[in-house]
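A.B. asks: The following block contains the structure, expressed as structure tokens.
The values are calculated or read from the model by the stated rules, or taken from the named source; none is laboratory data. Model, not experiment: these values are computed from the prediction. Cβ coordinates were reconstructed from backbone atoms using ideal geometry, including for glycine residues, and neighbour counts include every protein chain displayed. The area values use the complete protein model at the heavy-atom level, side chains included, leaving out ligands, DNA and RNA. Shrake-Rupley method; radii C 1.70, N 1.55, O 1.52, S 1.80 Å.
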Amino acid sequence: METRKLVYVLTGVAVSLIVVIGGLVLLVSGGGGGDDGSSSDSSPTLPARQQGELRVRGADPITLDPACASDADSASYIVELFSGLVSFDKDLKLIPDIADHWDVSDDGTVYTFHLRTTVLFADNSRRVTADDFKYSMERSLNPDTQSTVGDVYLDDLAGADDFIAGRADSVSGIKVLDPDTLELTIKAPDPVFLDKLTYPTSFVVDKNQVKDANCSDASWTFRANGTGPFKLANWDLGNQIVLEPNPNYYLDPKPALSRVTFLISGGSSFTMYQNDEVDVTGVGKDNVDTVRDTTNPLNAEYHTTPSLSVSYIGFNVNKAPFDDPNVRKALAMAIDKDFLANNLYKQLLDPAGGIVPPDMPGYDSTVDPIKYDPTAAKTLLDSTGKANDLNGVKILTAGQGAAPDDVLEAVTAMWQQNLGVSIEVEQEDFGLFLSDVDQGSFEMFSLGWVADYPDAQNFLDLNFHTGNSNNKTGYSNSEVDQLLDQARTDIPEAQRNDLYHQAEQTVVDDEPWIPLFFARSSYLVKPYVTGYDVPAFVIPTLRYVTVNK
Amino acid sequence: MPSGLASYVIRRLLIVPVILLIVSFVAFALGRYAPGDYVSIQAGPRANPETVARIRHDRGLDDPVYEQYARYVWNALHGDFGVSQHPRGVPVQDVLFPRLWVTVQINVLVLAFTWLIGIPLGTWAALKRGTWLDPFSIGLFLFFASVPVLVTVPLLEWALVHKLGWLPTGGWSTRHILGVKIGILSKHAILPVFVLTLSGVAGLARYMRSQVLEVLDQDFVRTARSKGLRGDVVVFRHVVRNALLPIITIFGFELAGLIGGSIFVETLLGIPGVGLLAFESVGTRDYDMIMAIVLLGTTIFVLTMLLVDIAYGFIDPRVRSGGSAG
Amino acid sequence: MSYAEATVGLHAGEPLRARSRLLRRLLRRPVAVAAIAVIVLIYGAGILAPVIAPYGFNEADFTNTYAAPSLSHPFGTDELGRDLLSRAIWSAQTTVIVSIAVVATGALAIGVTAGLVAGYLRGAADAVIMRLAEIFGSVPTILLLLIITATLRDRVEGWAESVGDFTHQSWIVSSGAPSYVLIFGSLSAFGWVGIARIVRSQVLALRETQYVIAARASGASGPRIIFWHLLPNVGNLLIVAITLSLGSAAAAEVGLTFLGIGVQSPHPSFGAMIAAGAPLTIVRQHTVLILVPAACVSALVLAFNLLGDQLTDVLSPRRR
């Protein structure tokens, strides 16, 4: 009996504790919720907004280590915190960054960079020298760092292969001539080598801070000491990232913002924008009608810029029946891209006729696309006699979820309606998808390609040249290869673009891809924010932004 | 503590590491056995397949599963549970615990409200037997106890967020109180707590109601009443006595299922708790994080069940001999 | 384990009423009738789906997106012009398949057998089975389900493909069988524990009754006793438990599919419909997309629980 009483007492105590705590909680939450009484969303409670501060809904980065970032979200923060030899300005022109000027040898393989002499690390500890660059670039290539992107952007360097394979202690192509002069030698002349240097893998990091941390040790990144326009004030995991201007920044215009706060958690960005909690927001197809309405005040704040990317459906050209160009063509002709772009996506995307997006140097508006013609498509398909082989074919896409992309569902429905073939969408999770695509175990797949740098080579050469590791379709056309090889040499730009036009037209005719859409960024910006543009791909832009509030 | 109970507890405690090992090995093996791993996911489409293969090898992902597992256990025993993959390179605990704290905040409140409201509500419903309120309350309780959270959340969102505009659209906000990050004291917490409490109260009230009815029907109550004793005092004492055991069981199950139960609510509302973390980690093949969550969840479950059984042991001596309650 | 199942378990060991005329007694209760009607309606729709669904699950009609309810589309259409009524009917089919498979395998085949064996034989068999139950029951179920279905599906589909290629039976893969098998397999793997424990305690109680002792004395063999004497008496509790299990299996499938790790597109499921209709912007503008599956799932689960309640009332000697 005594033990029972004890249990009752204990239970009573527990319940009373819960009551007391619960009551306290109710009391405090009723008293001060930390919100400003706005209608639908209360602001994630942060220090009060300060003069000249930009607040944006931000993505959660995977890493802030320049040598390790393989995704655009991480890169978008890294380019503001770190910098390298060269970069792109707002107009996508290549400009000198830490390198003040450079010389290129006659044969196009030796680049000599003369560095600015006054660039300091953000913590004022010391000046950036050519040694720091050698350290940082070798770190990206070093197999011990375990970076998946180092070699993608830096393997042009002479001696990189030996270094990666462990046959050499350093990269012979990276030479420090003196503290202010860095000499890079590449294996063969490459018109886009400088473009590749704008990617984070070539950015300089502080060796005293990083020491020998590899990609699996991110502790130093929380106190990142870089040379970019901003420095990291705080990274509150899963909550927010706060940047402040780097007083040692050397390029003009210098950052005009007093602070940038990226809110990582939170509800809908659009609603937060309407409640004045963020200064910029993207516009999706669910909101675009509201925003396009000219009677809506939001309409004045609406901007769209093209983003250099294309989404497409790729074929495995080595697998029947996709080795027959007429089959591919028929499938392409049966898709009403205008309908998809206009109805499904409310004109947030542009239907793609060619491969290279508008606004990309090398874009060819005269490219002759494959047009939507369902009757001709059916005739063409029937004439190949392979219509039956298409039934049960799978189009592979990355994703995990009960409902795959609307676009793919619509496309397969169109094929069903227009051609009478039933093709299924198969979702795989991303890792498996990538390895299946790599190994050619697919019939069709759906993916997108985003520009790394503003040059048609990035779209055409990497994806369609025979043997290129990014050429997943297995497409091989010697004519195209010849054109592309020629374009790789050092020839005037007009000539290069001409070669790319020809290559692109051939690729469009051969249709190893069905290009679907060119994407655009659609967003709203508050009127008191000036200079904000969403760049076509990841480049540092925050230093051009001013907030007058 | 009576010696029978002590040895029982010790027996149960000894099994805990065994269970943890078995469960963790299964989770580990499954994770490794699944095609795709975080290296290829993070490498993205641009990467050179050879580089990816090399890194995979360097990270030890090509070694046989049992070797990898042995390494994992060895490290774990030294307190190193690995690093997360999103964000990459952060020790697993540093990502897990803040997220766990969010889920705990929500669920503590839910449990408190469930008890505080459910018990009296169920009792009251029982006392209303014979009136129209009886079938009505049965129906109401059953409804809210049955309808899955998956369904109630979007509908409540529509009502409370869209139509009435009282609540934010999801997400989570925190403030610092006495140096601790508290998220529960904001409007963002209201919807998840409300939804979970609703089904919890409904279930508990149903149970209390049937318990109270059972007591009310027993002879001694009628006898006591006929003697002039106050009915409700008698009811209360006996209800508490009889209902205590099962209520403790139910409480235990709720606590134990903390992580699993939060997955849907957190996914639907974008709340950065441990349920959402579990879901995300599986998608990104964040092996170390998955393992940590599984270990944590299993430990909570097993220890809670043990506590429940200890309580049983105090209250009901029949259990101690390893009898039928199995 | 829901409250309901916990309740059932806790009543194990109590004497039970005869099951004769159970159906008749049940049908006298309006609530039970209503619950049975709902179940019959939804399960019936699922079973007859190929016959009665006016459109396919994925039949798109781009000229008619987000249509309001009309004669040809009683529930309207979604963003691709797919008929919501048909989608619901096809989803019901999946629910029927998965829930019955789970209960048949997990609850019945595994759970009952385990409980019977453990309860009757005791000793080593009992110890082993109970330890297994403890291990399977100690796991945070949803978590492990998440891991299992997310990680194994691709492998299972790979096997199915090779089996399909080998035997030239393409239906193996195209019917979506791998997903279904994986789901009901993993749900069964965890679902048997509750039933096994219930059955076992019932058997333990029955074991010592005169009835069984007499049977043993007259020379009846073990399995005979199990099947002829114990099983029918366990039956009552079992009926209730099965009813509840069907409900929770249906809910589990919907949940898993919603998370993306259950039935895969293009195969139908209420979970897929809920996933499509759940985002707040969709709920704002096209509420019907979530109302249809929400109503169906709620009605079904509610009906199962109600029926379970009613069965308990009818079968147990306590007044309510």
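A.B. asks: Which value, in square angstrom to the nearest 100, describes the accessible area buried between chains C and B on both sides, using a 1.4 angstrom probe?
C.D. replies: Numbers: alone 16250 and 18370 Å², together 29570 Å².
About 5000 Å² of accessible surface is lost on pairing.
A.B. asks: Using only the Cα atoms of the stretch A:401-549, build the gyration tensor, take square roots of its eigenvalues as a ≥ b ≥ c, and label the shape rounded, prolate or oblate: rounded if a/c is under 1.5, else prolate if a/b is larger than b/c, else oblate.
C.D. replies: Values: a/c = 2.09, a/b = 1.15, b/c = 1.82.
Judged from the Cα gyration tensor, the stretch A:401-549 comes out oblate (a/c at least 1.5, b/c at or above a/b).
A.B. asks: To the nearest µm²/s, what D does Stokes-Einstein give for chain B at 37 °C and 0.692 mPa s, using the Kirkwood radius over alpha carbon pairs as Rh? Walk me through the numbers on the way to the answer.
C.D. replies: Working: Rh = 23.0 Å.
It diffuses with D of about 142 µm²/s by this estimate.
A.B. asks: How many angstrom lie between the C-alpha centres of the stretch A:146-213 and the stretch A:480-549?
C.D. replies: What the calculation gives is 25 Å, centre to centre.
A.B. asks: Right, next: Could you work out the mean count of beta carbons from other protein chains within 10 Å of each residue's beta carbon in B:137-146? Provide the component values of the computation, followed by the final result.
C.D. replies: Working: counts 0, 4, 3, 0, 1, 7, 5, 1, 6, 16.
Per residue, the average neighbour count from other chains is 4.
A.B. asks: Now for a different question. Mind checking the mean number of beta-carbon atoms from other chains within 10 Å of the Cβ atoms in B:280-287?
C.D. replies: On the way: counts 1, 3, 12, 11, 4, 6, 0, 0.
Mean number of neighbouring Cβ atoms from other chains: 5.
A.B. asks: How big is the shadow of the Cα convex hull of the stretch C:66-176, averaged over all directions, in nm²?
C.D. replies: Details: hull surface 45.8 nm².
Its average projected convex-hull area is 11.5 nm².
A.B. asks: Considering amide H positions built from the backbone, and no H for Pro or chain starts, which residues 5 or more places from A:Asn477, or on another chain, come under 5 Å of its amide H?
C.D. replies: It is A:Thr466, by chain and number.
A.B. asks: What's the center-to-center distance, using Cα atoms, between the stretch B:97-115 and the stretch A:286-357 in Å?
C.D. replies: The stretch B:97-115 and the stretch A:286-357 have Cα centres separated by 45 Å.
A.B. asks: On a full-extension model of 0.36 nm per residue, what is the gain between A:Gln486 and A:Thr305, subtracting their alpha-carbon distance, rounded to one decimal in nm?
C.D. replies: On the way: separation 181, 0.36 × 181 = 65.16 nm, distance 3.20 nm.
That pair, A:Gln486 and A:Thr305, stretches by 62.0 nm at full extension.
A.B. asks: Now a separate question. Could you give me D for the stretch A:220-331, from Stokes-Einstein at 4 °C and 1.567 mPa s, where the hydrodynamic radius is the Kirkwood radius over C-alpha pairs? Units µm² s⁻¹, please. List each step's numbers first, then the result.
C.D. replies: On the way: Rh = 18.8 Å.
Reported coefficient: 69 µm²/s.
A.B. asks: Shifting gears a bit: Name the residues of the stretch A:256-290 whose accessible area, probed at 1.4 Å, falls by at least 40 Å² once all protein chains are in place instead of their chain on its own?
C.D. replies: A:Asp286
A.B. asks: With only Lys, Arg, Asp and Glu charged, each at its Cβ (+1 for the first two, -1 for the last two), find how big the charge dipole of the protein assembly as shown is about the Cα centre; round to the nearest 20 debye. It would help to have the intermediate numbers written out before the result.
C.D. replies: Working: 89 positive and 119 negative charges, 1853 e Å.
In debye, rounded to 20, the protein assembly as shown gives about 8900.
A.B. asks: With a probe of 1.4 Å, find how much accessible area chain B has per residue, and write the answer as a whole number in Å².
C.D. replies: Details: 13360 Å² over 326 residues.
That works out to 41 Å² for each residue.
A.B. asks: For the stretch A:176-221, what is the accessible area per residue in Å² when the probe is 1.4 Å? Walk me through the numbers on the way to the answer.
C.D. replies: Working: 1590 Å² over 46 residues.
Each residue of the stretch A:176-221 exposes 35 Å² on average to a 1.4 Å probe.
A.B. asks: Moving on. Give me the distance between the Cα centres of the stretch A:75-114 and the stretch C:104-122, rounded to whole Å.
C.D. replies: With the stretch A:75-114 and the stretch C:104-122 each reduced to a Cα centre, they are spaced 71 Å.
A.B. asks: Buried accessible area for the A:B pair, summed, 1.4 Å probe, in Å² rounded to 100?
C.D. replies: Details: alone 24220 and 18370 Å², together 37530 Å².
What A and B bury together is about 5100 Å².
A.B. asks: Then there's this: Just the C-alpha atoms of the stretch A:86-210: what Rg/Rh do they give, with Rh taken as the Kirkwood radius?
C.D. replies: On the way: Rg = 14.0 Å, Rh = 14.8 Å.
Using only Cα positions, Rg/Rh for the stretch A:86-210 is 0.94.
A.B. asks: For n ≥ 4 DSSP H runs only, could you compute -39500 (n - 2.57) per run for chain B, divide by its residues and tell me the 222 nm figure to the nearest 500?
C.D. replies: Only helices count here, giving -24000 deg cm²/dmol.
A.B. asks: Go ahead and run the numbers for FRET between B:Ile22 and A:Asp338, Cβ-Cβ distance against an R0 of 60 Å, rounding to 0.05. Numbers along the way, then the final one.
C.D. replies: Working: r = 58 Å, r/R0 = 0.96.
In this case the efficiency is close to 0.55.
A.B. asks: Follow-up. Once you place label points 7 Å from the Cα toward the Cβ at A:Thr117 and B:Trp132, how far apart are they in nm?
C.D. replies: Taking the simple label geometry, A:Thr117 and B:Trp132 are separated by 9.5 nm.
A.B. asks: Another question, if that's okay. A:Thr294 to A:Leu94: FRET efficiency via 1/(1 + (r/R0)^6), r the Cβ-Cβ distance, R0 56 Å, to the nearest 0.05?
C.D. replies: Working: r = 39 Å, r/R0 = 0.69.
Efficiency, from the Cβ-Cβ distance: 0.90.
A.B. asks: By DSSP, what percent of the beta bridges with both residues in the protein assembly as shown are antiparallel, rounded to the nearest 5?
C.D. replies: Close to 80 percent.
A.B. asks: Using only the Cα atoms of chain A, what do you get for the radius of gyration and for Dmax, in Å?
C.D. replies: For chain A, the Cα radius of gyration and maximum Cα-Cα distance read 27.1, 99 Å.
A.B. asks: Another question about this same structure. FRET efficiency for A:Asp498 and A:Val110, Cβ-Cβ distance as r, R0 = 25 Å, nearest 0.05?
C.D. replies: Numbers: r = 28 Å, r/R0 = 1.13.
That gives a FRET efficiency of 0.30.
A.B. asks: When you have a sec, figure out the Kirkwood radius of the protein assembly as shown from all distinct Cα pair distances and drop it here in Å to one decimal? Numbers along the way, then the final one.
C.D. replies: Working: mean 1/r = 0.0303 Å⁻¹.
For the protein assembly as shown, inverting the mean 1/r across all distinct Cα pairs yields 33.0 Å.
A.B. asks: Can you tell me, using C-alpha contacts under 8 Å and at least 6 residues apart, the relative contact order of the stretch C:51-106 as a whole percent? Before the final figure, lay out each step's value.
C.D. replies: Values: 71 pairs, mean separation 17.6, N = 56.
Relative CO of the stretch C:51-106 lands at 32 percent.
A.B. asks: Please compute the average number of Cβ atoms from other chains found within 10 Å of each residue's Cβ in peptide B:269-276. Before the final figure, lay out each step's value.
C.D. replies: Working: counts 2, 4, 1, 6, 0, 1, 3, 0.
For this peptide, the per-residue mean of nearby foreign Cβ atoms is 2.
A.B. asks: So, one more: Using the heavy atoms of the protein chains alone and a 1.4 angstrom probe, what is the accessible area of the stretch A:416-536 per residue in square angstrom? Working shown, then result.
C.D. replies: Values: 4230 Å² over 121 residues.
Counting only protein heavy atoms, the per-residue value for the stretch A:416-536 is 35 Å².
A.B. asks: Contact order normalised by length for the stretch A:86-210, with contacts defined as Cα pairs under 8 Å and 6 or more residues apart; what percent is it? It would help to have the intermediate numbers written out before the result.
C.D. replies: On the way: 204 pairs, mean separation 36.5, N = 125.
About 29 percent, as a whole number.
A.B. asks: Using a 1.4 Å probe on the protein chains only, how many percent of the accessible area of the protein assembly as shown belongs to carbon and sulfur? Walk me through the intermediate numbers first.
C.D. replies: On the way: 28250 of 47080 Å².
The C+S portion of the solvent-accessible surface of the protein assembly as shown is 60 percent.
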